[in-house]
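Below you'll find the structure, written out as structure tokens, and then a few comments.
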Amino acid sequence: MMTEMDEQEWEHILGIRTAGRDDSRSDGEHHPYEPTDYCVLERLANSGYMGKKNTLIDYGSGKGRVGFFLAYQTRCHAIGVEYDRRLWEKAMSNRCTAVSGRRVTFVLTDAAAYEVPPEADCFFFFNPFGLHTLKLVLKQIFDSYYRAPRTMRLFFYYPYEKTEAFLTHHNGLLVEERMDCRDLFPEDDDREQILVLRLRPDFHA
């Protein structure tokens, strides 16, 4: 299990402060900020899915942990999309001190309205919002693909049952891997996984 010391060590190495849950602006559609454990991000970084040629979008990026860590570990570029101004300001403050800050940017906007840039090809979700918003975000991702076809992967950590069912039955998505993370924590929780999906190149909505 990720210990507090491990988290503190990573925060020190990365030059950021991202610990702690924040539900000040959560509602039925926008979920509380809760940072992804570093041990989970290490597993994703070591998977080989991302490198210096990739650009990651982290939806519901909060204080920026995912982007800073993966940019540091994989040399990818990262874009954090956040709708809560207070959390976005904390991410921008972290960017000033982060060792990977120059490879990470943050956008203050609602994810459903964010137009996916043509260089983005990896997308990370840790249950940032409900299914209604997710469908709108997926539309933005597919629209970006149609404008500039490329290999695009989605990474869903700890997905809700309804979310997983929707994604795995979506005609435009292929399940590429279920990255098991149960061994990282003491509880045997089936949701401890990163669901990896790839856009179908032949799909047309």
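When ILE194 is tested against the conditions (1) in contact (Cβ under 8 Å) with a residue 60 or more places away in the chain; (2) more than 22 Å from GLY62 (Cα to Cα); (3) touching a Leu at 6+ places or on another chain (Cβ under 7 Å), the lone failure is (2). Could you say whether any residue in the range 163-176 is hydrophobic (A, V, I, L, M, F, W, C), within 30 Å of GLY15 (Cα to Cα) and modelled with pLDDT of 95 or more? No, every residue in the range 163-176 fails to be hydrophobic (A, V, I, L, M, F, W, C), within 30 Å of GLY15 (Cα to Cα) and modelled with pLDDT of 95 or more. Among the conditions (1) free of Cβ contacts under 8 Å to residues at least 60 places away in the same chain; (2) within 25 Å of PRO159 (Cβ to Cβ); (3) of a type in the set (Lys, Arg); (4) not in a loop (DSSP other than H, G, I, E, B), ARG102 misses just one, which is (2). Pairs meeting the criteria (first residue in the range 51-79 and free of Cβ contacts under 8 Å to residues at least 40 places away in the same chain, second residue outside any loop (DSSP other than H, G, I, E, B) and hydroxyl-bearing (Ser, Thr, Tyr), beta carbons under 7 Å, at least 6 apart or on different chains) are GLY51/THR74.
Among the residues of the range 143-153, are any at pLDDT 95 or above, part of a strand (DSSP E or B) and hydrophobic (A, V, I, L, M, F, W, C)? No: zero hits.
The values are calculated or read from the model by the stated rules, or taken from the named source; none is laboratory data. All values derive from a computational prediction rather than experimental measurement. All Cβ positions, glycine included, derive from the backbone under ideal geometry; neighbour counts span all protein chains shown.
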